[in-house]
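What follows is a set of notes on a single structure, which appears directly below.
The values are calculated or read from the model by the stated rules, or taken from the named source; none is laboratory data. These numbers come from a predicted model, not from an experiment. When we count neighbours, we look across all protein chains shown, and the Cβ atoms used for this are built from the backbone with ideal geometry, even at glycine. For accessibility, only protein heavy atoms count, side chains too; no ligands or nucleic acids. Shrake-Rupley method; radii C 1.70, N 1.55, O 1.52, S 1.80 Å.
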Amino acid sequence: MIWYPYEQMKTMRPPYQIVDAEGVYLYTKDQKLIDSVSSWWSVIHGYKHPELDRAIEEQLGKFAHVMLGGLTHEAAQKLSDKLQSWLPGDLDYCFFSDSGSVAVEVALKMALQYFMNRGETARTKVLALEHAYHGDTFKTMEVGDDEDYHFVLNAYGKSQHVIHIPTEIQALEQAFEVHHETLNCFIAEPLLQGAGGMRMYDISFLKRARELCDQYGVLLIFDEVATGFGRTGNRFVADLVLPDILVLGKALTGGYIGHAVTAANHRVYDGFYDENPEHALMHGPTFMGNALACSVALKSIELFESQDYLGKIRRIEEISRQEMEGFSDPRVKEVRIMGGCVCVEVYDPADIKGYQQFAYERGVFSRPFLSYLYAMVPYVIREEELRKVFRTMKEWFAR
């Protein structure tokens, strides 16, 4: 049987069985649902997009996958070239992997080994944010800070290698002052912390982080697995503040196939590039550079560029603010809006218990968690569909 994610299998309610999907809609045997969460924030172009389908089919006519160990292929080369020209600054070196979590692991490994290769063996610590979520593999759990997901790490006790701080400039400056000699990197979900509660903060914090990383020689990592491709209203937050390492996933392939990239700048890459075999990055996911994933990712980027997706996102934010800005209820702690993300935080998680079924009955798929009721819709959603998502939220509190 299937072992489902983030569920106590003994007490979970049966999941909705999807029989078809197209555009922004998921179909069960008896219901048509607007997917308000884009299959964990990844399906930005909607389902069954003809151009994305065609890209997969054309590549499948050649081959589905070959390893990148000792082999290469056109789809991976083209995607790497496209990202090199498309990403900001000198984030020119693309290491592919099969999921966002693994891509973050690669980034953290790069940062540590970069300094080990230089003989700076004291730089073993990572600076990270409170309420961070970077994935569910072990190092990503360690740099994360969410007891609801990562309580299993309590078995090891408090990490000696990770320092967590709030998104406050004073705390950031103090951490660098105290720990700069032992830090190899600072990692952040920029502007929007996803699974940690859709928490939003100001760009000034990241600008100061860039200054401090430059001052003390620390690498800056942006985990844009969730925030990339427009979710914050920016193409990438890296367009505003340039990191040394950028991690992308989820929407990279339009949600079609699991694939991710860890893009490093020249400084990082040059730290591995020499005659010493021990300075090589010894990492190699089996499905890195998967040909189907690279092909659909290229087409996804083309759609994002050619069809003014940032304009679509601006319109989504505009409608979101019309519908939700100023919405209040005694049970609601805060409403947060940024780009293609809306979050309604309640004081008591019990106040949104049952919302998923309530929304289902009204033609919306939602997946609230903890105290957070949120929407991260596909960017191709129509105005009336988006307003229906928000009306359903408000109807829940009007009962």
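Some points to look at:
- Element breakdown for the chain at a 1.4 angstrom probe: carbon and sulfur atoms account for 51% of the accessible area.
- Taking the DSSP bridge list for the chain and keeping only pairs wholly inside it, about 65 percent are antiparallel.
- Under 20 Å of direct C-alpha separation, and excluding same-chain neighbours fewer than eight residues apart, Lys62 reaches these lysines: Lys78, Lys299.
- With distances taken between every two different alpha-carbon atoms, the chain has a Kirkwood hydrodynamic radius of 22.0 Å.
- When +1 charges are put on Lys and Arg Cβ atoms and -1 charges on Asp and Glu Cβ atoms, the dipole computed for region 1-145 relative to its Cα centre reaches about 280 debye.
- His279-Ile169 FRET efficiency (beta carbon distance; Förster radius 45 Å; 0.05 resolution): 0.80
- Comparing Ala375, Ala260, Ala350 in a Gaussian network model of the chain, where Cα atoms under 10 Å apart are tied by springs, the biggest mean-square fluctuation is seen for Ala350.
- Candidate membrane-span-like segments in the chain, meaning DSSP H helices with Cα atoms spread over at least 24 Å of their own axis and a Kyte-Doolittle mean of 0.5 or above, are 100-117, with no membrane implied.
- GNM top mover of Ile169, Ile301, Ile313 - the chain, alpha-carbon springs below 10 Å: Ile169
- Structure remark: mean-square fluctuation, Gaussian network model of the chain, C-alpha springs under 10 Å; the largest value among Thr72, Thr182, Thr11 belongs to Thr11.
- Electrostatic dipole magnitude of region 354-398 [Cβ: Lys, Arg +1; Asp, Glu -1; Cα centre; debye, to 20]: 40
- Placing pseudo-labels 7 Å out from each Cα toward the beta carbon at Val19 and Leu71 gives an inter-label distance of 3.9 nm.
- Region 125-259 shape via C-alpha gyration tensor axes, a/c threshold 1.5: oblate
- The charge dipole of the chain, taken about its Cα centre with unit charges on the Cβ of Lys, Arg, Asp and Glu (plus for the first two, minus for the last two), comes to roughly 1020 debye.
- Region 113-176 and region 224-252 have Cα centres lying 20 Å from one another.
- Scanning residues 5 or more positions from His259 or on other chains, those with amide H under 5 Å from its amide H are Lys250, with H placed 1.01 Å from N in the peptide plane.
- Relative to the current alpha-carbon distance between Arg267 and Tyr216, full extension at 0.36 nm per residue lengthens the span by 16.9 nm.
- Shape parameters for region 79-186, alpha-carbon atoms, Rg then Dmax in Å: 15.3, 44
- Looking at region 249-362, the pairs of alpha carbons with a distance over 22 Å make up 63% of the total.
- Computed extension gain for Tyr360 through Glu130, at 0.36 nm per residue and net of the alpha carbon distance, reaches 79.5 nm.
- Efficiency of FRET between Asp239 and Met116 - r from beta-carbon atoms, R0 30 angstrom, step 0.05: 0.45
- Region 190-218-region 22-73 distance, computed between alpha-carbon centres (Å): 31
- With the cut-off at under 20 Å, measuring from each backbone N in region 296-319 to a point 7 Å along the Cα-to-Cβ line of Arg382 picks out 307-309, 311-319.
- Legend: Rg and Dmax of region 133-210, from Cα coordinates, 13.0, 36 Å.
- Residue (of Val344, Gly354, Val377) at the positive-pole extreme of region 292-399, dipole from beta-carbon charges: Gly354
- For the chain, with +1 on Lys and Arg beta carbons and -1 on Asp and Glu, the positive-most of Gly249, Val335, Leu87 along the dipole: Val335
- For the chain, adding -39500 (n - 2.57) for each run of n ≥ 4 DSSP H residues and dividing by the number of residues yields -10500 deg cm²/dmol at 222 nm.
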